[in-house]
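Heads up, the thing below is written out as structure tokens.
All of the numbers you see were taken from the coordinates with simple rules; none came from a lab. The shown structure was predicted, so the numbers you read here are calculated from the model rather than taken from an experiment. Positions of Cβ are backbone-derived with ideal geometry, glycine not excepted, and every protein chain shown enters the neighbour counts.
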Amino acid sequence: MQPAELLQRLGEDQKFEEVIDHGWQESQSSMPASLPVFLQREQIRESCVWGALDSDEVAQIIGVAERIADTPALFQLFWHCYRLWFEDNEYRRFAEWPLLEKSLGDESGVFYLLVILDAARHAVESHHQRKLPEEVTRETCSDIRIARDRYRSITGGRLGAELRLMGWFRIHAWGLLFRLGRLQYIANSFSGKIKVYKHLQTGATLALNQGGVQFTGEGYVDGALGKFDEKDGWTSRWSEDSEQITASPASPLGMAVRQEVTLKKQDWELRLQPGDQVLAIHIPEGKDMTVEDCGESMRRANEFFPQYFPERPFKALVSSSWIFNTQLEEILGPQSNLVGYMRELYLYPIRSNGKAGFYFVWYTDEVDPVTAPRDTRLRRAYLDYLERGIPIRNGSMFFLPEHLDKFGTQHYRNQRSP
């Protein structure tokens, strides 16, 4: 059965044929002769336990799995989707796949929940091989419940998972992501457009912007709306020889400083640069992000990775997210847990599309200021910014592991200048 015929049998729009055609022949030639383990009842029950799903949801998930197994067109599509999800490292078009509401109705989201649910099985296997603590496995797999909760919120209580999350859970299935308390971590390489130096005598930490970055007059990365600020904007420069470096610094408050500084190499140690190995922090939805919980998680990560992944030494803990948008300090105020966490980190600016965080604030990437809900302080503030033509920014951060003993003191903001 070819993609066009399959879609016709399912009653789905033929426009999806191109999207699902990738690797189709390989999927058909690898079709299993018997029911794969991830569609079997016992494995589904076990994965639901690891994924922290409710017991009363298991029967519905098994029911959809049996419907898939008994419907040749659904089974072919499921196998194809699963194979691309787990085996094809380059495939990225999951968000364009058919929603299957015509063939599965209100249970359409369970089709893709079944795919990502198997991330728990793979994670359990890889964690067991590494002899990781069971607590870490359960914390990590609980991301499935978060996906379930988000889908409920978007669909008015239906069970399932969003297509856009399939790529994210592939990282779980590959055993690359770990949740340690409040935060999640992925060992990765640093891609920020800064270099970080530490003064050999005072211990002061300073980030320098790479050359060629366009900034607004306020020191944020320009071009969020596709145009350079000709009046107040400026472009960073980088000058380096064997003895010194001259560049514009990035303030730990989250913006670039236009005035250049010169560092003598004999006085400064390079601590972080693009390409270095780092721990990328991701922040799952859930309970409040207290400074204490975030600090405890970072300390756990600093012990966990050297113990269980000694082959992955890291230079820093880093993250890029709408959560590190400096506008939030004004919006949420100093008493906010999130603002408290931001003040413990070294923030620096990055490029944004002007809509940072919309999906997490409204569960949609497109927001109409006239009709969008204004039921929270954050939503009201964001809509006010939009109405005034102010783009909503992303932000980035780094934290050096040797400063974890100073976490809770706003070290980078209070550090002594060299």
**Request:** Using +1 at the Cβ of each Lys and Arg and -1 at the Cβ of each Asp and Glu in the chain, identify which of L117, V58, T246 lies farthest towards the dipole's positive end.
**Result:** T246
**Request:** Report the dimensions of region 16-91 along its three principal axes from the alpha-carbon atoms, largest first, rounded to Å.
**Result:** 37, 26, 23
**Asked** Where the Cα atoms of the chain are projected onto their three principal axes, how long is each span, largest first, in whole Å?
**Response** 70, 52, 41
**Item:** Net charge dipole size for the chain [Lys, Arg +1 and Asp, Glu -1 on Cβ; Debye, nearest 20]
**Value:** 1060 debye
**Fill in**
With Cα coordinates, the longest principal axis of the chain makes an angle with the long axis of helix 291-308, in degrees rounded to 10, of 70 degrees
**Complete:** Phi-derived 3J(HN,Hα) across region 28-39 with the Karplus relation (6.51, -1.76, 1.60, θ = phi - 60°), rounded Hz, x for Gly and Pro, is 5, 6, 9, 4, x, 7, 10, 5, x, 4, 6, 10
**Fill in**
Going fewest to most other Cβ atoms within 10 Å around each Cβ, E292, E162 line up as E292, E162
**Prompt:** Considering only DSSP beta bridges whose two residues both sit in the chain, what percent are antiparallel, to the nearest 5?
**Reply:** 90 percent
**Asked** Between L183 and residues 5 or more places away or on another chain, which pairs have amide H atoms under 5 Å apart, with H built 1.01 Å from N, and which residues are they?
**Response** none
**Item:** Long-range tail of P(r) for region 3-135 (Cα pairs > 23 Å, %)
**Value:** 35 percent
**Asked** With a sphere of radius 12 Å drawn around the Cβ of T205, what net charge do the other residues whose Cβ falls strictly inside it have (Lys, Arg +1; Asp, Glu -1)?
**Response** +4
**Item:** Rg(Cα) / (2.2 N^0.38 Å) computed for region 105-202, rounded to two decimals
**Value:** 1.38
**Prompt:** Based on Cβ point charges of +1 for Lys and Arg and -1 for Asp and Glu, what charge dipole magnitude is obtained for region 3-175 about its Cα centre, in debye rounded to the nearest 20?
**Reply:** 300 debye
**Request:** Give me V261, V278 ranked fewest to most by other Cβ atoms within 10 Å of their Cβ, as a rough exposure proxy.
**Result:** V261, V278
**Request:** Using θ = phi - 60° and the Karplus relation 6.51 cos²θ - 1.76 cosθ + 1.60, list the HN-Hα couplings for region 397-403 in order, rounded to whole Hz, with x at every Gly or Pro.
**Result:** 8, 9, 8, 7, x, 5, 9
**Fill in**
For region 261-418, one quarter of the surface area of the C-alpha convex hull, expressed in nm², comes to 11.8 nm²
**Cα-projected label distance for Q410 with T290, points at 7 Å along beta-carbon direction, nm** = 2.0 nm
**Message:** I need H22, H411 ordered by Cβ neighbour count within 10 Å, fewest first.
**Reply:** H22, H411
**Request:** Apply the Karplus parameterisation 6.51 cos²θ - 1.76 cosθ + 1.60, with θ equal to phi minus 60°, to every residue of region 337-346 and state each ³J(HN,Hα) to the nearest whole Hz, in sequence, with x for glycine and proline.
**Result:** 4, 4, 5, x, 5, 4, 6, 8, 10, 9
**Request:** Give the long-range amide H neighbours of V278: residues separated by 5 or more places, or on another chain, with amide H under 5 Å away, using H modelled in the peptide plane at 1.01 Å from N.
**Result:** N188, S189, F190, K315
